[in-house]
1. With a sphere of radius 15 Å drawn around the Cβ of B:Thr199, what net charge do the other residues whose Cβ falls strictly inside it have (Lys, Arg +1; Asp, Glu -1)?
2. For region B:225-274, count the residues as N, evaluate 2.2 N^0.38 Å, and divide the Cα radius of gyration by that value, please.
3. Quote the accessible area belonging to B:Ser174 in square angstrom, nearest 10, computed with a 1.4 Å probe and with ligands, DNA and RNA left uncounted.
4. Select from B:Ile204, B:Ile170, B:Ile48 the residue whose mean-square fluctuation is largest in a Gaussian network model of chain B (Cα-Cα springs shorter than 10 Å).
5. Cut-off 10 angstrom, C-alpha nodes, Gaussian network model of chain B. Which of B:Gly143, B:Gly63, B:Gly78 fluctuates the most?
6. Determine the residues within region B:59-74 where the difference in accessible area between the chain on its own and the full set of protein chains amounts to at least 20 Å²; count protein heavy atoms only and use a 1.4 Å probe.
7. Solvent-accessible area per residue for chain B at a 1.4 Å probe radius, Å²?
8. Quickly work out the A:Leu69-to-B:Glu236 label distance, labels modelled 7 Å from Cα along the C-beta direction, and quote it in nm with one decimal.
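The values are calculated or read from the model by the stated rules, or taken from the named source; none is laboratory data. What you are looking at is a predicted structure, and each value in this text was computed from that prediction instead of being measured. Cβ sites come from the backbone with ideal geometry, for glycine too, and all protein chains shown count toward neighbours. We work out accessible area using only protein heavy atoms, side chains counted, and drop any ligands, DNA or RNA first. Shrake-Rupley method; radii C 1.70, N 1.55, O 1.52, S 1.80 Å.
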Amino acid sequence: MTSFNDENMTKVKKDVEVNLDTFPVPTPNEKRIEETIQFIGTLLDKEDQVKQPSLLKKLRVEWTVTNRLVISLQFLILLFGLWMGIQASIEMTIQVIFLLSPLSIVVCLTECFKTKTFGMNELEWTFKYGTGQLFIVRLLIALGLHFIAVAPIVFVSGFLSIKHLVTLLIVWLIPAMLVAIFLLIISLYTPIHWNNVYIIGPFWLLLSILLIVQQNLLRLWIEMDITIHLCVFVFLLTIMMKVIWKYKEASSLE
Amino acid sequence: MNELCLKSIYKNYKTKQVLDNISMIFKPGVYSFLGANGSGKTTLMRIILNLIKPTKGAVYWNGQPIELLGESYRDAIGYVPQHVPFYPNMKVYDFLMYIGTLKGIANHALKEKVEYWLKQVNLYDDRYQKIKNLSGGMKQRVGIAQAMLNDPQLLILDEPTAGLDPKERIRFRSLIANLSVNRIILYTTHIASDLEGLTDYVCILNNGCLEQLDEPENVLKKLAKQVWEVDILPEELIYIEEQYKVGAIEKHGGRIRVRLYHHKKPLPQAVMKEPTLEDLYLYYFSEGQST
Ligand SMILES: Nc1ncnc2c1ncn2[C@@H]1O[C@H](COP(=O)(O)OP(=O)(O)OP(=O)(O)O)[C@@H](O)[C@H]1O
Ligand SMILES: [Mg+2]
């Protein structure tokens with residue numbers, strides 16, 4: 001390859017001039033120039049940009065900032081549930097799951113909405129991995145925690161038939177969701193940072209006492225037809241999504 | 001060289017107009033936005049950050065609309081919001097490491113950066129304190145450190161000096177001066193003395209309109225021959241306040257020394273004064289009347 005010195009350069013320039021005279025090029029209009037600039041922008045290589053961290057890394061980082069109170073609560077629930085499962089009858093165990101799972105769900109969900117609770121949304125939106133992804137990562141952690149807390153109870157209590165398991169799941173999910181929705185609505189409209197823990201605690205205690213006193217009601221509910229359970233479940237799921245959506249809206253700046 | 005461009009931005013909240021046809025071009029340098037409470041500073045910053053959408057108009061970063069840039073635009077910005085409690089139970093160091101990860105900075109580089117910025121904002125010794133135990137000024141510096149972690153080309157600070165003591169304010173100014181090389185820095189304030197010797201351009205925002213955008217000296221020049229000082233009796237003050245735009249008022253023995261703004265000599269005994277940045281602020285944002 002010959003080196004590109006001044007002499008070469010002048011020659012090239014001359015060639016270009018001659019050619020330009022021979023083949024006149026129309027001047028493009030403003031719009032066309034803008035379009036070309038935009039197009040070139042998309043071609044530039046993105047190599048020098050910072051990479052998105054992997055999901056695993058996000059999970060790990062998010063785990064380190066998950067509220068320790070939430071984690072310890074989940075483990076307390078787990079321990080208590082396991083102990084009950086080993087000790088008590090099936091009926092008792094169902095009751096325990098009944099009581100514990102709403103608490104677990106809500107505590108976990110409020111962890112997902114941490115951004116709103118601490119007023120960090122404004123800042124977190126400006127970060128590379130935005131609030132949407134952050135929410136998903138937190139939801140994964142929350143569901144994981146919830147699962148860890150409640151699922152083992154089912155197994156320890158010795159349910160082996162699928163039918164039993166399904167019934168139990170439905171029976172346990174519906175009241176849990178009912179309470180979760182209620183608590184979420186409360187914490188949506190109370191702008192206190194620690195509303196979650198302070199409000200959920202006493203409320204849950206009250207509910208537990210009510211359930212224990214109303215043994216018959218519980219039995220009635222469990223013995224209902226499975227289709228009714230399913231319908232109610234779908235209905236509640238819709239409401240829950242609505243509430244979560246409201247939560248997201250409430251954290252918007254407009 | 002980076003360039004941020006606002007093209008006729010309007011913003012309405014329901015019927016209320018908050019921003020009214022704002023167009024500007026920013027090149028690297030320090031721009032300060034001066035405006036009274038509610039003049040739309042925060043709203044404008046949020047629009048530039050793509051946190052809220054303008055009712056009309058668009059923001060361009062290096063010629064491209066920011067909504068289309070998304071992630072790569074967020075890579076380029078650092079933001080210190082006006083009020084942010086952060087996560088109060090986290091330690092300063094952990095918080096910065098966390099934010100760094102959210103900004104997508106690789107682990108090996110992150111540790112170094114966090115320590116560097118902790119030293120820059122003079123928080124290195126307090127790095128293991130919980131954020132809730134910090135003073136207001138210290139929190140503000142945590143805010144600056146987190147904004148700088150990704151080495152932003154566009155740094156936006158919303159009232160960064162509010163709540164800082166005078167010593168901290170001076171520290172802050174030298175920090176900003178150091179950062180301003182090759183960066184676009186926008187910051188809002190309503191403290192006129194913050195601008196002295198720091199800002200390259202002053203933008204005056206009044207009820208959502210951009211009243212002025214110029215170098216500080218030029219903005220002050222426009223005020224020349226309009227600043228007067230006059231000694232009056234206390235009884236006369238009401239009359240003066242009705243007639244003219246009044247700035248600082250001082251007691252001088254039995255009399256009152258008033259600084260006022262008017263295009264011609266308001267009273268025979270009035271003395272013309274050199275305009276200061278404080279005059280600038282009071283001229284635009286004081287309640288009094290003048291034509
Ligand atoms: N989400 C909102 N909904 C309705 N009106 C809003 C909203 N946000 C701001 N405003 C209005 O817009 C105007 C400008 O607000 P903005 O916060 O931008 O002012 P500012 O210049 O930052 O004031 P300050 O100096 O107090 O921080 C205010 O009158 C405010 O009432
Ligand atoms: Mg503001």
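1. -3
2. Working: Rg = 9.8 Å, N = 50, 2.2 N^0.38 = 9.7 Å.
In units of the 2.2 N^0.38 Å rule of thumb, it is 1.01.
3. Near enough 60 Å² of accessible area.
4. B:Ile170
5. The residue that fluctuates most here is B:Gly63.
6. B:Gly63, B:Gln64, B:Glu71, B:Ser72, B:Arg74
7. 46 Å²
8. Computed distance between label sites B:Glu236 and A:Leu69 equals 6.3 nm.
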